[in-house]
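Below is one structure, written out as structure tokens; the observations come after it.
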Amino acid sequence: TYMLLAMTLAFSAVTAAISMAMGLGQGAALVLMLVGFGLLFVVHKMADTSKGLLAIFAFTGVMGASIGPMLNYYLSMPGGPALVMQALGGTALVFFGLSAYALTTRKDFSFMGGFLFVGLLVAVVASIANIFMGIPAVSLAISAAIVMIMSGLILFDTSRIINGGETNYIRATVSLYLNIYNLFIHMLHLLTALGGDD
């Protein structure tokens, strides 16, 4: 699972770099994001077959390409490259720290599932509402909440993999990939806002 996760993250980084070099706009990013959602269902449908591997690379490639325009936007800011590196470092630190904790203690974190699901639902609804309201403080609070929820989900998903709750390595990889993906995006948003550039 971790090897596949590393490969999909590396592939995402490559497709993100390609979309940045191509200078894709926000509209293209939105289209790619929607394609990504569609591919997510394909991955879950094919997870038990050999085609699942192709599907997961298609999905992570599209998701990587979809954040190219956002990364270009952040990198064009004063001090942007440093912020992106901080967000990457922070995401790696959180992921490895929490995964190591779950792997070494072998605790069962499945009890957190309900809380995390409700939290995620609330965050998604709040995000959609804030698209129309456009309140920076609310968007900051949502990002902080999502960073916390994704951290919880890393513990939850890792413990499911260890304790046999998730035996399909493709589904397990997708879960962890999405946790890292969202953690990075919202950590970048938080760092930018706290740096006073937002």
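The values are calculated or read from the model by the stated rules, or taken from the named source; none is laboratory data. This structure is a prediction, so every number in the text was calculated from the model and none was measured. Reconstructed Cβ throughout: ideal geometry from the backbone, glycine too, with neighbour counts over all protein chains shown. Remember, those area values only see protein heavy atoms, side chains included, never the ligands or the DNA or RNA. Shrake-Rupley method; radii C 1.70, N 1.55, O 1.52, S 1.80 Å.
At-a-glance table
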{"item": "Single residue of Val94, Val124 found to be of a type in the set (Val, Ile, Thr), in contact with a Leu (Cβ under 7 Å, 6 or more places away or on another chain) and surrounded by 11 or more Cβ atoms within 10 Å (Cβ to Cβ)", "result": "Val94"}
{"item": "In region 15-58, the residues that are open to solvent by 80 Å² or more (accessible area, probe 1.4 Å) and assigned to a helix (DSSP H, G or I)", "result": "Ile18, Ala21, Met22, Gln26, Leu30, Val31, Leu34, Phe37, Phe41, Lys45, Lys51, Leu54"}
{"item": "Which listed residue, of Tyr101, Tyr2, Tyr74, is among the hydroxyl-bearing types (Ser, Thr, Tyr) and crowded, with 17+ Cβ neighbours inside 10 Å", "result": "Tyr74"}
{"item": "Breaking point among (1) outside any loop (DSSP other than H, G, I, E, B); (2) out of contact with any Asp or Glu (no Cβ under 9 Å at 6 or more places or on another chain), for Asp108", "result": "(1)"}
{"item": "Matching residues in region 55-73 - criterion: being within 13 Å of Ile185 (Cα to Cα), among the aromatic types (Phe, Trp, Tyr) and at pLDDT 95 or above", "result": "none"}
{"item": "Residue match in region 92-102 (condition: hydroxyl-bearing (Ser, Thr, Tyr) and within 27 Å of Leu24 (Cβ to Cβ))", "result": "no"}
{"item": "Residue check for Tyr177: over 19 Å from Tyr74 (Cβ atoms), at pLDDT 95 or above, in a helix (DSSP H, G or I) and aromatic (Phe, Trp, Tyr)", "result": "yes"}
{"item": "Test: residue in region 188-198 that is in a helix (DSSP H, G or I), more than 16 Å from Leu140 (Cβ to Cβ) and not hydroxyl-bearing (Ser, Thr, Tyr)", "result": "no"}
{"item": "Count of region 136-164 residues which are exposed (fewer than 12 other Cβ atoms within 10 Å of the Cβ) and either farther than 14 Å from Ala102 by Cβ or within 16 Å of the chain's Cα centre (by Cα) (or both)", "result": "2"}
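Matching residues to (1) in contact with an Asp or Glu (Cβ under 6 Å, 6 or more places away or on another chain); (2) at pLDDT below 90; (3) over 23 Å from Thr1 (Cβ atoms):
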{"position": "Leu75", "(1), (2), (3)": "no, no, yes"}
{"position": "Ala102", "(1), (2), (3)": "no, no, no"}
{"position": "Leu121", "(1), (2), (3)": "no, no, yes"}
{"position": "Ile128", "(1), (2), (3)": "no, yes, yes"}
